[in-house]
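The values are calculated or read from the model by the stated rules, or taken from the named source; none is laboratory data. Note that the coordinates shown come from a computational prediction; the quantities given were computed from them, not determined experimentally. No Cβ is skipped: glycine too gets one built from the backbone with ideal geometry, and neighbour counts run over all protein chains shown.
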Amino acid sequence: METVPAVRKQTDELIGQLIRDRASSDDRGDDILSMLLEAEYDDGSRMDELEVRDQLLSILSAGHETTAIAMAWTLYWLHRHPEKLNRLLEDISEQAPTGDPEALTQIPYLDAVVNESLRIHPVLPDLARKLRKDTELMGCKLKAGTAVGAVAFLTHRDPEIYEDPDEWIPERFLDHKFSPFEFYPFGGGNRRCIGAAFASFEAKVVLGTLLSAYHFELLDNRPLSVERRHITLMPRGGVRMRYLGQR
């Protein structure tokens, strides 16, 4: 266990140096680190080096399980619907033939596929907020300090918003742009998940790379049930697949 503090110390030094180098550079770029360095609080102040480091570590570590779950559900649904998998593979072949990560993230159907998986199976099913002042919501009077939750799992399956809400239909995200109150897999407002852009980018690059290079099949084609693990919703027992070889 003596290696854990050593690894943490080395990681802190590496990230700290990266932050200092970027902060002193005239060209900060447009990546996540740059956005953190440019972000401002309400009073106009910015995060110090320690805060930026902690946010970076949160994005990289906290996003690991949630992104993995989202990709698992996406693989499951694509292989339950081979016609949609074939359409996606055709789009990847035409729009990102070299597998370039940036090109993969620009494929509309891949974006729709990931969004539809996040709609029908939001990794974080609900988002709690504590009221800062007394308020009234739909006739209910709520006092300051009351915890109020926005339940994405219910909103994303509301038939008044989504036609055939229990069906996995990626095309719905090509035909319509849903508002932040209708589709919020990463939360919303000022407290929206800071790693949303990174998670979406990562999922599309990994899925596009895997699916265009390798053949898979589901070991069991029966519907999967959902299991709650701490704050996340994941496929019970995982998504079991068989590797069939390269494409």
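Observations on the structure shown:
- Of all residues making up the stretch 204-235, the number that are at pLDDT below 90, on the phi < 0 side of the Ramachandran plot and not hydrophobic (A, V, I, L, M, F, W, C): 9
- Of all the listed residues (Phe186, Phe178), the sole one being part of a loop (DSSP other than H, G, I, E, B), hydrophobic (A, V, I, L, M, F, W, C) and in contact with a Cys (Cβ under 6 Å, 6 or more places away or on another chain) is Phe186.
- Residues of the stretch 69-88 classified as out of contact with any strand residue (DSSP E or B) (no Cβ under 9 Å at 6 or more places or on another chain), surrounded by fewer than 19 Cβ atoms within 10 Å (Cβ to Cβ) and not polar (S, T, N, Q), total: 5
- Scan of the stretch 176-203 for residues that are among the aromatic types (Phe, Trp, Tyr) and modelled with pLDDT of 85 or more, ordered by number: Phe178, Phe181, Phe183, Tyr184, Phe186, Phe201
- Failed criterion for Arg132 (all others in (1) part of a helix (DSSP H, G or I); (2) loosely packed, with under 12 Cβ neighbours inside 10 Å hold): (1)
- For the criterion of being within 21 Å of the chain's Cα centre (by Cα), surrounded by fewer than 14 Cβ atoms within 10 Å (Cβ to Cβ) and not polar (S, T, N, Q), Pro97 fails.
- So Ile92, is it in a helix (DSSP H, G or I), in contact with a strand residue (DSSP E or B) (Cβ under 7 Å, 6 or more places away or on another chain), surrounded by 13 or more Cβ atoms within 10 Å (Cβ to Cβ) and not hydroxyl-bearing (Ser, Thr, Tyr): no
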